[in-house]
Every structure is written in C-alpha cells, then in structure tokens.
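To start, the structure under review is shown below, and the notes come after it.
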C-alpha cells in the first residue's frame, strides 16, 4: 500500500529559492508515489490573503500541488501560525482540502491526531493572546479588507516584532506545555499525535493515564527538507538533503 506523508514548517519564500526547489522536487519525486500528503501548517513564510495567489512563487506552489492532486494523491492543508489566512481560493487552486486544527484521522488502522502544534504552547501568554486575536473571524475580515500592499507591510512589521521578542523568551516557553499535551490526548482517547511548529523533530513515547501514546514532531525546512512517512508498518522520519 502507498504511504501517507506529513510535512510542516517549510516557510517557503522568494528569499529561499533552494528550499522552494527542494519542495517542488519532493512533490514530483516522492509525494507523487504516496497515497496522501498532509501539510500541517506554515507551508509559507507568511500568507497575506488569497488575492496574493498571483505572486509567482504562490502560483507555482499552488500549481504543483494541483498537479499532485490531479495525479491521484490526496492533498490536505492545515493552517499554521504563519499562513492562517489561507482560504478557499488557495484550496481550489491547489486541489487541497482544508483541515481544522486539530483533526483526528484513521491512519492505517490507528487513530492519529493531527495538529500544527502552536495551540499547545500555552506557556507563552503573549503568543496565545495574539493567536486568539488573529484567528478571530471578525479580525480576519477587517484585515483582509485592507489593500494587499498594506497587509504585507503590517505582516512585515509583526514579523520583526516577533523576531525581537523571541530573543527575550526562553526555549521552554516556546515549546509545548506537557499538561496541554496530556489534555488533548486524553480528549481524543489517547491517539498517536503528529504535529509541527516547535522545530524540534523527534519521536516521543509517553504514558497518559496508563495509555501509551506516540508523538511525532515534524522537522522544519530551514537547512534541509524532511517528512514523516507512515504506512501499516508504522512511521519513519526521512531527511532530504538540500540541492547543491
């Protein structure tokens, strides 16, 4: 049976052409042989709205995902903290199905919970307040009503502020909270969990209320690529070397 693949935190941007090409090669050479591809957030460095689909990089990525979809590979997209404004126009252009966060699926007979992961970072109250604001539908409608150039300028300012704030935060604050993790696993009856966001790729085994749960943290695509490959034999993290 064909495998199911999971990726997150690619942060594709016109300023990172090597990684953009690495992703396009991955779609053609690897994902094309899969049953399904799940993108669990932060495919793009940022997304100002679906009216930016005409931007060459965005159009090219959407077209490549559409080709994958038309080749028979199911494509799923979950919002991250950078591209939470991806909407139905992008979904239609790319052939992707938008997923809520979290989403519980049957993965080769095993219940598996999919998340971006940022909602578990409750030890960072400033970020959680920001997340609640920008995920509010009223805020999003008001923001998307602004001119595209103005939205991009606002996002660039927010990114600079975020980068400055990160230098003042401990690594632990920006990681997931273990009580929040336990609560979400308990709520969904102790499934396997796959998520991104923290940029700390690993496989964890933990015991929650006497139940053993497997947690996979996906890698980011800053220095190289990578994906999680799952089938009936289990899951395996696979690294992709960047093009020279």
| request: Please figure out what share of the DSSP beta bridges in the chain is antiparallel and state it in percent, rounded to the nearest 5. | output: 55
| remark: Taking 0.36 nm per residue of separation between residue 130 and residue 161 and subtracting their Cα-Cα distance, the length gained on full extension comes to 9.9 nm
| Estimated [θ] at 222 nm from DSSP helical runs (n ≥ 4, -39500 (n - 2.57)) normalised by residues in the chain, nearest 500 | -10500 deg cm²/dmol
| message | Would any residue of the range 90-116 have its amide N under 17 Å from a label point 7 Å out along Cα→Cβ of residue 148? List them or say none. | response | 90-94
| Given the options 36, 180, 74, which has the most mean-square fluctuation in a GNM of the chain, springs set between C-alpha atoms less than 10 angstrom apart? | 180
| query | Most mobile of 86, 134, 39 per a Gaussian network model of the chain (Cα springs, under 10 Å)? | reply | 134
| field | Extension reserve of the residue 239-residue 189 stretch, reckoned as 0.36 nm per residue once the Cα distance is removed | value | 14.9 nm
| task | Evaluate the distance, in nm, between pseudo-label points positioned 7 Å from the Cα of residue 110 and of residue 54 along their respective Cα→Cβ axes. | result | 4.7
| query | For the range 7-30 and the range 78-126, what is the separation of their Cα centres, given in Å? | reply | 19
| note | For residue 204 and residue 71, extending 7 Å from Cα along the Cα-Cβ vector and measuring point to point gives, in nm, a value of 3.4
| message | Just to compare against my own numbers: the Cα pair-distance distribution for the chain, 5 Å bins, whole % per bin, please. | response | 1, 6, 13, 18, 20, 17, 13, 8, 3, 1, 0
| note | Check: C-alpha center the range 43-57 vs C-alpha center the range 193-238, spacing in Å is 27
| Residues residue 88 and residue 35, FRET efficiency given R0 of 30 Å [Cβ-Cβ distance, rounded to 0.05] | 0.80
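Every number here is computed from the coordinates shown, using simple stated rules; none is lab data. Since the model is a prediction, treat every value here as computed from it, not as a measurement. Because the Cβ atoms are built from the backbone with ideal geometry, glycine has one as well, and the counts that use them run over all protein chains shown.
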